[in-house]
Every structure is written in C-alpha cells, then in structure tokens.
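S.K.: Let me begin by handing over the structure; questions about it come next.
The values are calculated or read from the model by the stated rules, or taken from the named source; none is laboratory data. Just so we're clear, the structure is a prediction, and the values are computed from it rather than from any experiment. When we count neighbours, we look across all protein chains shown, and the Cβ atoms used for this are built from the backbone with ideal geometry, even at glycine. Protein only, heavy atoms only, side chains kept; ligands, DNA and RNA dropped before computing areas. Shrake-Rupley method; radii C 1.70, N 1.55, O 1.52, S 1.80 Å.
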Amino acid sequence: MPLDFTKHFVGVPTEFKLRNNTGCSWKVMVKLMNGRVTLDQGWATYAPVHQIKIGYMVTFKLLTPDTLKVIIFDDDGIEVVNKCGKHDEAFAAKE
C-alpha cells in the first residue's frame with residue numbers, strides 16, 4: 001500500500017477484512033515490509049477467487065480501521081462483480 005494511504009491509520013492492523021461490491025468479506029493478514037504495508041496471507045487465495053488478472057485495476061477504500069472496500073475493474077475499465085462463492089473457511093471473515 002502506498003505510504004500516503006497508511007498515514008490514515010492510528011496503528012496498522014494485523015489483518016484486514018476485504019469487503020467486495022456484493023457485501024462478501026474476506027480476511028487477509030497484513031505484513032510490514034521495508035516500511036510498507038502489504039497484504040499477505042489470504043491475498044493469494046482472494047485474487048483468483050475474485051478473478052483478479054494481470055491488467056486489472058483494484059481500488060481500496062478504508063471503511064473502518066480494519067475494513068477495506070475492494071472494487072475490481074477489468075482491463076476495459078468495467079467493474080467486475082463477484083457473487084459470494086465458496087470461500088476458504090480460513091479466510092472468510094465473520095460478520
């Protein structure tokens with residue numbers, strides 16, 4: 001995540017809930033690496049389940065200190081809408 005984005009946190013959480021455009025939530029762990037916040041455990045599963053491909057744009061909006069809204073756009077700039085499918089139970093965020 002860009003450093004300008006992380007300045008909005010009082011403290012960097014150890015995990016985020018990623019909420020998509022249909023309200024589904026997914027848990028990812030956060031890791032500090034070289035002074036930057038990166039999405040770690042859970043992201044490698046989230047990306048293919050939500051059909052994120054090379055060339056797609058992914059936006060993040062901070063909803064709460066530990067929840068990000070994720071909007072995915074394909075390479076034509078059209079929003080990708082994913083219905084709640086089968087999530088890996090280890091990463092499905094509890095509401």
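S.K.: Take the solvent-accessible surface of the protein heavy atoms, probe 1.4 Å, and return the percent of it on the range 3-73 that carbon and sulfur atoms account for. Before the final figure, lay out each step's value.
M.R.: Working: 2350 of 4210 Å².
Of the solvent-accessible surface of the range 3-73, carbon and sulfur hold 56 percent.
S.K.: What is the Rg over Rh value, at two decimals, for the range 3-73, using alpha-carbon atoms and the Kirkwood definition of Rh?
M.R.: Details: Rg = 11.9 Å, Rh = 12.7 Å.
Reported Rg/Rh, Kirkwood definition of Rh: 0.94.
S.K.: Return one whole number: the accessible area per residue of the range 3-73 in Å², for a 1.4 Å probe. Write out the running numbers ahead of the final one.
M.R.: Details: 4210 Å² over 71 residues.
For the range 3-73, the solvent-accessible area averages 59 Å² per residue.
S.K.: Per-residue counts of other Cβ atoms within 10 Å, averaged by peptide: what ranking do you get for 49-62, 15-28, highest first?
M.R.: Numbers: 49-62: 12.8, 15-28: 18.1.
My ranking of the peptides, most packed first, is 15-28, 49-62.
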